[in-house]
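Read-outs: derived from the displayed coordinates by stated rules, not from any lab. Just so we're clear, the structure is a prediction, and the values are computed from it rather than from any experiment. Reconstructed Cβ throughout: ideal geometry from the backbone, glycine too, with neighbour counts over all protein chains shown.
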Number of protein chains: 2
Amino acid sequence: MSGIPSIGKETGLILKPESNTTALDNSPFMRACRRESVPHTPIWLMRQAGRYMREYRELRARLSFLELCKTPSLAAEVTVNAADRLGVDAAIIFADILLIVEPMGIELAFGKGEGPTIHNPVRTSQDVDRLREVDGVESLEYVFEAIRQTRAALSADLPLIGFSGAPFTLASYIIEGGGSRNYVHTKSLMYTDKGAWHALMSLISRALVKYLNAQIFAGAQAVQLFDSWVGSLSADDYREYVLPHTRSILSSLTPGTPVIHFGTGTGALLELMREAGGDVIGVDWRVRLDEAWRRIGHDVAVMGNLDPVALFAGKDYIRSQATKILEQAAGRPGHIFNLGHGILPETPVENVIALVDAVHELSAK
Amino acid sequence: MSGIPSIGKETGLILKPESNTTALDNSPFMRACRRESVPHTPIWLMRQAGRYMREYRELRARLSFLELCKTPSLAAEVTVNAADRLGVDAAIIFADILLIVEPMGIELAFGKGEGPTIHNPVRTSQDVDRLREVDGVESLEYVFEAIRQTRAALSADLPLIGFSGAPFTLASYIIEGGGSRNYVHTKSLMYTDKGAWHALMSLISRALVKYLNAQIFAGAQAVQLFDSWVGSLSADDYREYVLPHTRSILSSLTPGTPVIHFGTGTGALLELMREAGGDVIGVDWRVRLDEAWRRIGHDVAVMGNLDPVALFAGKDYIRSQATKILEQAAGRPGHIFNLGHGILPETPVENVIALVDAVHELSAK
């Protein structure tokens, strides 16, 4: 793409940081984060390395999800292969949004084909008091090592995104003990013990600053905060119980590194999420991209927003939807194409590739 | 409340329809549906008869959910007892949003403590073709009989609400075979076979017109269309795949009977739901009530919008939230207080009563 030779696994060659930096900085993804003009609209896809890919399922037949996360060479392999296979404009490190809760003393497990389970959920202020302050993130060295190995193996001009769950989404898993439909325990703690709630959110936020900055230091060009479940909250609750914490994180990250701030079901929260911060606001398919962008303001970049289920329809349908979203972005600098949430397990790989190709072709200048 | 003697189960006395009509028409609930002035803001609660009540759990220990729905005397008892116990301003017939799918040839079952399961889900246009047209709703006579018995037993001035699931929500259950997180099958049919999708939605809509009109004829003063899961759609998809069907139903119901049009997660859909129709638009807690009302227009009534989880917090918290919502309604005629979704199973009954009392007291003129 940029003419700079790629750093392949074959050669093991590592270019000097300065060389990387220029190519990466000029990549369509990084330019879009800064709302600069781009040769084509950059696209990457949440959960682009995952169960929908045969290679991934084969690996997972041999080791568990957490084992894969904790084996840097394999996490790097999965990350690089997915990006190469799809031809996307950014890689995202293979990891889980919840990894940061382990050093807090939370016991994290993933059942077969199920979501995360936490055996010692946090329900009371005493439980919050028992959580460990994350003074250092050394125990997450496997993530940083995976980032370093990925960075070394990725094309020199392909940005790598680091990430974590955002405080509310992490708190909801820690409190519910897994996924949830109604967030009864989470909101009950929030409503009945503000002190404990804010203590928990602050503890998570302090950990996230260290964790995300360490990912950046290890070689991530951008980071994403996934507040996947924040759409369960009212706008007033978001303002009171979430916004100050998210803002405190976003204002403490390494300057110059773009941050993507993402949530789903955020139709009533977009303005507040923008207020909390982020260079790019990720929106789901429920709100039209043009309306979302108008609401958050054109002085911030936007990411989205195809319904992941659209990838189950035929290629013509996918192309028509890509056209629609690109039209809504109106060629304005600062649009990163993505789904409104992660790729679903049964998604046909060829449809994902068709989407990437369609976005590149339709947006080429 | 109105001075007209109530029709108790004790006396078995049935007043002439004309007497009922005046008292019912002047009830706070009916007046609010028409956006007329009220002595206090009327309140009722979705799923106000349900598992959170001991009496209900005792009944359910003896018979299944569907058996209860299909035994008019017991459905009526559950309906009346809940309304009396809570002191709410309307009763809602004890039934399920899915009952109308049985005469279409769908096999409906409810597992213990789980949601509905459909053993013969509709996935293809052939499946749609095999569905039975609901020419008459005689097989749902048990619902109409429950309405008649409830109407006879309820206070003469207490309105009774009939209801059903709305076409999209019904279609999603029929297609997925139960509840869903991502609606992959539903949206796939929608995106890949428009003809089959619209045929299914039309068939459901024709059935709903008959079903809801028969509920009104049996004695319901108002009806509610529950489009509980429509918030999973984008605004553009709603406009194309849902709105015409909902509009066709809402314009075919018995004139003079207020219709409540409800959904959750509808932050991006409110204007379109209003366009589809309904005298009252039900909104969940994600959008502030004042903002929702401004968006749908003050020439329509609004219902909502306390987070059901608020009922797990203390009475002071509940009162503060009721105050906030009433302030947002700003004393404007046409507000019906409700939760943003159904009462959750573990909700303390005394907190529900505290909410009803708080709304009555705080809004009394």
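Any idea what the dipole of the stretch A:53-303 comes to, in debye rounded to 20, about its Cα centre with Lys/Arg Cβ at +1 and Asp/Glu Cβ at -1?
For this selection, approximately 300 debye.
What do you get when you divide the Cα radius of gyration of the stretch A:24-173 by 2.2 N^0.38 Å, with N the number of residues?
Scaled against compact globular proteins, the figure is 1.16.
If you count, for every residue in A:282-289, the Cβ atoms of partner chains within 10 Å of its Cβ, what is the mean?
Across A:282-289, the average partner-chain Cβ count within 10 Å equals 4.
In the neighborhood of residue A:119, defined by Cβ-to-Cβ distances under 15 Å, what is the net charge if each Lys or Arg adds +1 and each Asp or Glu adds -1?
Overall, the nearby charge balance is -3.
Sort shortest first the distances from residue B:58 to its counterpart in every other copy, using label points 7 Å along the Cα-to-beta-carbon line, and give them in nm.
6.3
How high is the relative contact order of chain A, in percent, with contacts defined as C-alpha pairs under 8 Å that are six or more residues apart?
RCO, chain A: 21 percent.
Net charge within 14 Å of residue A:356 by Cβ-Cβ distance, Lys/Arg positive one each and Asp/Glu negative one each, not counting residue A:356 itself?
The answer is -2.
For the protein assembly as shown, what is the mean residue ellipticity at 222 nm derived from helices alone (per DSSP H run of n ≥ 4: -39500 (n - 2.57); sum divided by total residues; nearest 500 deg cm²/dmol)?
Calculated from helices alone, the mean residue ellipticity at 222 nm is -13500 deg cm²/dmol.
Among A:306, A:173, A:188, pick out the residue whose Cα is farthest towards the positive end of the charge dipole of chain A, where Lys and Arg carry +1 and Asp and Glu carry -1 on C-beta, about the Cα centre.
Selected residue: A:306.
Please list the equivalent ellipsoid semi-axes of the stretch A:190-323, computed as the square roots of five times the alpha-carbon gyration tensor eigenvalues, in descending order and whole angstrom.
Three semi-axes, in Å: 28, 19, 14.
Assuming a viscosity of 1.002 mPa s and a temperature of 20 °C, what translational diffusion coefficient in µm² per second does Stokes-Einstein assign to the stretch B:313-365, Rh being the Kirkwood radius over Cα pairs?
Taking Rh from Cα pairs, D becomes 183 µm²/s.
Excluding residue A:87 itself, what net charge comes from residues whose Cβ is under 12 Å from its Cβ, given Lys and Arg +1 and Asp and Glu -1?
Here the charged neighbours net out to -3.
Holding the Cα-Cα limit at 27 Å, pick out from A:112/B:194; B:70/B:194; A:315/B:194; A:324/A:365; A:112/A:324 the pairs that are longer than that.
Flagged as over cut-off: A:112/B:194; B:70/B:194; A:112/A:324.
What number do you get for the stretch B:48-103 when its Cα radius of gyration is normalised by 2.2 N^0.38 Å, N = residues?
Ratio of Rg to 2.2 N^0.38 Å for the stretch B:48-103: 1.11.
Magnitude of the Cβ-charge dipole of the protein assembly as shown, K/R +1 and D/E -1, about the Cα centre, nearest 20 debye?
In total the dipole reaches around 220 debye.
Nearest the rotation axis from B to A, which residue of chain B has its beta carbon, and at what whole-angstrom distance?
B:267, 1
Would you mind giving the mean number of other chain beta-carbons within 10 Å of the Cβ of each residue in A:231-238, as a whole number?
That average works out to 5.
Starting from a Cα-only point model with no solvent, please compute log10 I(q)/I(0) by Debye for the protein assembly as shown at q = 0.08, 0.10 1/Å.
Result of the Debye calculation: -0.66, -1.00.
Taking 22 Å as R0, compute the FRET efficiency from the Cβ-Cβ separation of residue B:251 and residue B:102 and round it to 0.05.
My answer for the efficiency is 0.30.
Got a sec? Charge dipole of the protein assembly as shown, +1 on Cβ for Lys and Arg, -1 for Asp and Glu; which of A:207, B:50, A:90 is way out at the positive end?
A:90
Averaged across A:313-319, how many Cβ atoms of other chains sit within 10 Å of each residue's Cβ atom?
2
Using the Karplus equation 6.51 cos²θ - 1.76 cosθ + 1.60 (θ = phi - 60°), what ³J(HN,Hα) coupling, rounded to whole Hz, does each residue of the stretch A:280-285 give in order, writing x for Gly and Pro?
Those phi angles translate into 10, 9, x, 10, 8, 6 Hz.
Across 10 Å bins from the origin, how do the percents of Cα pairs in chain A run, short distances first?
In order of increasing distance, the bins hold 5, 25, 35, 26, 8, 1 percent.
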